[in-house]
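Beneath this line is the structure, given in structure tokens, with notes to follow.
Taken together, the values in this text are just the output of simple stated rules run on the coordinates, not laboratory data. Bear in mind the structure is a predicted one, so any value in this text is a computation, not a measurement. We place every Cβ from the backbone using ideal geometry, glycine too, and count neighbours over all the protein chains shown.
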Amino acid sequence: MISIEYIRQNAEAAEEQLRSKGADVDIEHVLKLDEDQRAVLHEVEELRAKRNQLSSEMAKMDADEREKRLKEAEKLKRTLKEQEEHLAEVTAELEAILRKLPNPPAKDVPRGQDEGANVVVRTVGDIPQFSFEPKDYLALAQQHDLIDIERAAKVSGSRFGYIKNEAAVLEFALVRMALDETAKENFMPIVPPVLVNEEAMRGIGYLDKEPEQVYHLVEDNLYLVATAEHAIVPMFKDETLSEQELPKRFIGFSSAFRREAGSYGKDTKGILRVHQFDKVEMVTFCDAATSAQEHERMLAIQERLMQALEIPYQVVHNATGDMAFSAQNQYDIESWIPSEGRYRETHSTSNTTDFQSRRLNIRRRGTDGTELVHILNGTAFAIGRTLIALLENHQRQDGSIAIPKALQPYAGFDVIASA
RNA sequence: GGCGGGAUGCCGGAGCGGACGAACGGGACUGUCUUGAAAACAGUUGUACCGCAAGGUACCGGGGGUUCGAAUCCCUCUCCCGCCGCCA
């Protein structure tokens, strides 16, 4: 959640920033509500002070005297109740608006309405030149019996898939490789629950932005996470961490579930956009002062992983209109997909600053007092999309697929070739 | 799924309508003493919000209620512990 003090102190800048992320805000209205809220709060607190004083006086009175003051006390009680109700209304109205506002972008974020305004920061790796017509991953998968979409449709519906044979082994190879790489930077491996309660999901900011994207188990009021981040970030809800234990870095593995409502007809083929996929995800809790640096660290890890897989990619600085709701700054990594002749998103990393920690009340205690922590997230590997890039970029003329050297020890084989 | 017991500050643990932001013990910090440390003694030790400040308000698992007044009474939810049942 955005800080109301920030809006109060930077009304003009805030308006521009929020609009740049596509929010339709009326800053004047927000400021007015904020003022009202504080005025009513002041009134309520004054009434409470009076009540408290009268009550403690009454405690010392004899029965007779108490009886005399009772009328006054009762009246005070009624007035207080009215004002408290008023306060609750104003507060709720203000909060409802604030909850729907995105994290204002950092100054250096490119402005723009959509991904067209994204800025390519750098391009790494040579685009493979094939002496033959490269196949798409589905053709390759069929040749080697790696992915079964048809039967998944029979069992689960559209946008599901079975990952099989070497592809299934590669999933675990990728997971292990990501664990090892991030271990060098003290990320703690973690397997979180994939079902989380409403409070946790709300704390993440997901329900306010795109509630239709998340699977909801109505009977138990539980939500299926759309990324491990959703289960890892709320772990420290209402906790104050000590300065010394920061940064806390986690490398989580979990399935991710997305309804993909509204994406009908978009990427309908294969496993690029599915309702369920596995993912290795980084999450860091750190000091406000170091979060920008942590963000760069995450990006660097992502790049190292892609370089180890020998997949050409580009780093994109997301424009305001293409950023996540919670992100103050965001980079995507787009991997080269030969069959499409273009780069497609395989990774993302966001600095959410104190946007999530404010909602979840996650602080850190230091010698300088307590303050909200900063929280960052970043993809290590989204398995499905990484498999796509891997299969297509490393295919050979006969359709066999070379496994990059760094991955071989994890996979236990160096090529996928049909017998 | 059934029955029983719990949830209080950094930790343990009392309190069960008014003097409780909370006894007592431990821990931590500061000071005295000491060459230094320990011990002993004295003191300090939560967070958030409103306010220029003085000060005020809120918080004893969450929410609601009763009352002039709730950690304390009532309702409800969640979680934890124990026993039984079922089960990968």
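Observations on the structure shown:
- Residues A:Asp267 and A:Ala92, FRET efficiency given R0 of 30 Å [Cβ-Cβ distance, rounded to 0.05]: 0.15
- Once C-alpha pairs closer than 8 Å and six or more residues apart are averaged by separation and normalised to the residue number of the range A:256-354, the relative contact order reads 21 percent.
- Cα gyration tensor shape of the range A:223-321, rounded if a/c is under 1.5, else prolate or oblate by comparing a/b with b/c: oblate
- Long-range amide H partners of A:Ile403 with built H, under 5 Å: A:Val415, A:Ile416
- Were the residues from A:Lys405 through A:Glu43 laid out at 0.36 nm apart, the gain over their Cα-Cα distance would be 123.4 nm.
- Rounded to the nearest Hz, the phi-derived 3J(HN,Hα) couplings of the range A:269-278 under the Karplus curve 6.51 cos²θ - 1.76 cosθ + 1.60 (θ = phi - 60°) are 8, x, 10, 5, 10, 10, 6, 9, 8, 9, where x marks glycine and proline.
- Where only alpha carbons of the range A:62-156 are counted, the Rg and the Dmax (Å): 33.6, 103
- Net charge of neighbours whose Cβ lies under 14 Å from the Cβ of A:Val44, counting Lys and Arg as +1 and Asp and Glu as -1: -1
- Mean separation of Cα contacts under 8 Å, 6 or more apart, over the residue count of chain A: relative contact order %: 20 percent
- Couplings 3J(HN,Hα) of the range A:290-300, computed from phi: 10, 5, 4, 5, 4, 4, 5, 4, 4, 4, 4 Hz, in residue order, whole Hz [Karplus 6.51 cos²θ - 1.76 cosθ + 1.60, θ = phi - 60°; x for Gly and Pro].
- Our analysis of the range A:313-419 gives Rg over Rh at 1.17, with the two radii drawn from alpha carbon positions and Rh computed by the Kirkwood formula.
- Difference of contour (0.36 nm per residue) and Cα-Cα distance, A:Gln397 to A:Arg8: 133.8 nm
- Amide N proximity, the range A:224-247 versus A:Gln293 label position 7 Å along Cα-to-Cβ, cut-off under 12 Å: A:247
- Scaled radius of gyration (Cα, divided by 2.2 N^0.38 Å) that the range A:183-280 gives: 1.21
- Computed P(r) (all Cα pairs; the range A:1-82; 5 Å bins; percent): 3, 12, 17, 13, 9, 8, 8, 8, 7, 6, 4, 3, 1, 0
- What you get for chain A, charging only the Cβ of Lys and Arg (+1) and of Asp and Glu (-1), is a dipole of about 520 debye around the Cα centre.
- Between the residues A:Val124, A:Ala106, A:Leu47, the greatest Cα displacement towards the positive end of the dipole of the range A:44-137, with unit charges on the Cβ of Lys, Arg, Asp and Glu, is found for A:Leu47.
- On the principal axes of its alpha-carbon atoms, chain A has extents of 101, 44, 44 Å, going from largest to smallest.
- Among A:Leu387, A:Ala14, A:Ser357 the positive-end extreme of the charge dipole of chain A (Cβ point charges): A:Leu387
- Over chain A: helical MRE at 222 nm, DSSP H runs n ≥ 4 each giving -39500 (n - 2.57), nearest 500: -13000 deg cm²/dmol
- Shape of the range A:100-186, Cα gyration tensor, a/c cut at 1.5: prolate
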